[in-house]
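Visitor: The following block contains the structure, expressed as structure tokens.
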Amino acid sequence: MRDFKRILIVKLGSIGDVVHGLPLLKTLRKNYPSAYIVWVVESKAREILQGNKDLDEIIVINTRELRKRVNLSTINEMIGKIKVLRSKGFDLAIDIQGLIKSGVIAYLSRAIVRIGFNRGDAREPLNRLFMTIEPPLIGKDIHVIDKNLSLLRFLGLNSFSKEFTIQTSPADEWYIDDLFKEKGIDLSNGLIVINTGVGFKTKGWPAKNYAELSRRIMDELNKKVILIWGPGEEGLVREISDMMHHKPIIPPLTTIKQATALIRRCEMFIGGDTGPLHIASALKIPTVAIFGPTDPIRNGPYGDNHTVIHKDLVCSGCYKRRCQTMECMKGITAEEVYRAVKEKVYRFSDNKLHKARGRNPSKAY
């Protein structure tokens, strides 16, 4: 195993993508405990990495902002960032984004060794031009977390960590504790978090379905439901609430770390392929995931105790951001999702009962 001293990880965003890169970071830290490890990220996903003790430095490069407004100021800012990267003297860069822009950043860092995906696995095949090592083709039938980790084999590593570190602060935890007191949320009977927002429209499930699902969880399973939301999504959760007689809990807008603290307290998480879903998965919270245009084999919640609701159509896995029919999402009924939630609630209740009696629910009696 070559002893790298200064390592650069390039994964710009989104929030879910950065969460998927955390096991790679943990594996690098365990194998290179004295290395100086830096992560390049967009500002939107930076918060996920803040406070992570496996990282020595976070460098924010807002490529999206640069594309929106190319002027002397943004160009000078980018030049400054590249100078900072070059000053670090990286001997290794790992690009787990697979785009042209991420490849350019890795190349401009002047890292001696640059590892990226095979051109057949990269989202943009021209990314290969900026790498010094091209691994063999992996293919699509692998989760993105395992795909990221597979790159480390070319460093001579064969033991990989599947740990996720998302560090919240005491202030984040106190904020959620105070919020729960204010809202009168008692966790003794469990709390189900529903995230209705999505990164792009084709991942969205109809508001009427979320309203029906929330109603049945509250009325038939006697569970509290809290609808969390991100910037620009308040109108959607209000629309869902307006369709319901018994109202779900709607908290104020939270930061990513506050949302993490909230999700950590819940019994179950329900939502589409978004950052909060992957945060819940990383926290080992049981999830019911509603998937449409993205492939759950590659992007689904990672690990055990997750249920994915997905329609296998001819166009499945298209990853399109625009679609006239959105058949993959509209075809998923509230009844289907409710059944999955109900099964998990009853299984959780049975496990608690067995533990209270000192029995192992995994054994047959």
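Visitor: Against the condition under 22 Å from residue 299 (Cβ atoms) and touching a residue at least 40 places away in the same chain (Cβ under 8 Å), how does residue 138 come out, does it pass?
Guide: In short, no.
Visitor: Sticking with this structure for a sec: Within the range 110-135, count every residue that is hydrophobic (A, V, I, L, M, F, W, C) and either without any contact (Cβ under 8 Å) to a residue 12 or more places away in the chain or farther than 21 Å from residue 38 by Cβ (or both).
Guide: Counting residues in the range 110-135 that are hydrophobic (A, V, I, L, M, F, W, C) and either without any contact (Cβ under 8 Å) to a residue 12 or more places away in the chain or farther than 21 Å from residue 38 by Cβ (or both) gives 3.
Visitor: While we're here: I need the full set of residues from the range 292-327 which are touching a residue at least 40 places away in the same chain (Cβ under 8 Å), under 14 Å from residue 272 (Cβ atoms) and not in a loop (DSSP other than H, G, I, E, B), in order please.
Guide: 299
Visitor: So which of 103, 98, 89, 80 is at positive phi and either touching a strand residue (DSSP E or B) at 6+ places or on another chain (Cβ under 7 Å) or surrounded by fewer than 19 Cβ atoms within 10 Å (Cβ to Cβ) (or both)? Give the derivation first.
Guide: On the way: 103 fails: at positive phi; 98 fails: either touching a strand residue (DSSP E or B) at 6+ places or on another chain (Cβ under 7 Å) or surrounded by fewer than 19 Cβ atoms within 10 Å (Cβ to Cβ) (or both); 80 fails: at positive phi.
Within the list 103, 98, 89, 80, the selection yields 89.
Visitor: In this structure, is residue 285 on the phi < 0 side of the Ramachandran plot and within 14 Å of the chain's Cα centre (by Cα)? Step through it out loud before you land on a result.
Guide: Numbers: on the phi < 0 side of the Ramachandran plot: yes; within 14 Å of the chain's Cα centre (by Cα): yes.
The answer is yes for residue 285.
Visitor: Okay, next question. Scanning the range 297-307 for residues that are over 17 Å from residue 192 (Cβ atoms) and in contact with a Gly (Cβ under 9 Å, 6 or more places away or on another chain), which turns out surrounded by the most Cβ atoms within 10 Å (Cβ to Cβ)?
Guide: Kept after step one, since they are over 17 Å from residue 192 (Cβ atoms), are these residues of the range 297-307: 297-300, 302-304.
Still in the list and also in contact with a Gly (Cβ under 9 Å, 6 or more places away or on another chain): 297-299.
Details: 297: 15, 298: 17, 299: 22.
So the residue we want is 299.
Visitor: Kindly indicate whether residue 162 is within 23 Å of the chain's Cα centre (by Cα), exposed (fewer than 13 other Cβ atoms within 10 Å of the Cβ), assigned to a loop (DSSP other than H, G, I, E, B) and basic (Lys, Arg).
Guide: Spelling it out, it is not the case that residue 162 is within 23 Å of the chain's Cα centre (by Cα), exposed (fewer than 13 other Cβ atoms within 10 Å of the Cβ), assigned to a loop (DSSP other than H, G, I, E, B) and basic (Lys, Arg).
Visitor: Which one is farthest from residue 92 (Cα to Cα) among residues in the range 19-31 that are in contact with a helix residue (DSSP H, G or I) (Cβ under 9 Å, 6 or more places away or on another chain) and either surrounded by fewer than 21 Cβ atoms within 10 Å (Cβ to Cβ) or aliphatic (A, V, I, L, M) (or both)?
Guide: 19
Yes or no, residue by residue, for (1) surrounded by fewer than 18 Cβ atoms within 10 Å (Cβ to Cβ); (2) touching a Lys or Arg at 6+ places or on another chain (Cβ under 6 Å); (3) part of a loop (DSSP other than H, G, I, E, B):
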site	(1), (2), (3)
119	yes, yes, yes
122	no, no, yes
126	yes, no, no
135	yes, no, yes
142	yes, no, yes
153	yes, no, no
158	yes, no, yes
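Visitor: Being in contact (Cβ under 8 Å) with a residue 60 or more places away in the chain, farther than 22 Å from residue 101 by Cβ and part of a loop (DSSP other than H, G, I, E, B) is the filter here, so list the residues in the range 1-48 that pass it.
Guide: The answer is 1, 2, 4, 5.
Visitor: Just checking, does the range 78-89 include any residue being in contact with a Leu (Cβ under 7 Å, 6 or more places away or on another chain) and closer than 30 Å to residue 284 by Cα?
Guide: No.
Visitor: I'm trying to understand the selection: among the residues of the range 187-206, which are over 13 Å from residue 290 (Cβ atoms) and in contact (Cβ under 8 Å) with a residue 12 or more places away in the chain?
Guide: Pass one, the range 187-206, residues over 13 Å from residue 290 (Cβ atoms): 187-193, 199-201.
Correct list: 187, 189, 190, 191, 192, 193, 199, 200, 201.
Visitor: I'm checking my understanding of the structure. Among residues of the range 186-205 that are surrounded by 19 or more Cβ atoms within 10 Å (Cβ to Cβ) and closer than 14 Å to residue 265 by Cβ, which one is modelled with the lowest pLDDT?
Guide: Going through the qualifying residues, I end up with 191.
Visitor: Just checking, how many residues over the range 206-259 are in a loop (DSSP other than H, G, I, E, B) and closer than 30 Å to residue 167 by Cβ?
Guide: 13
The values are calculated or read from the model by the stated rules, or taken from the named source; none is laboratory data. Since this is a predicted model, take the numbers as computed values, not measurements. Glycine gets a Cβ as well: all are built from the backbone with ideal geometry, and neighbour counts include every protein chain shown.
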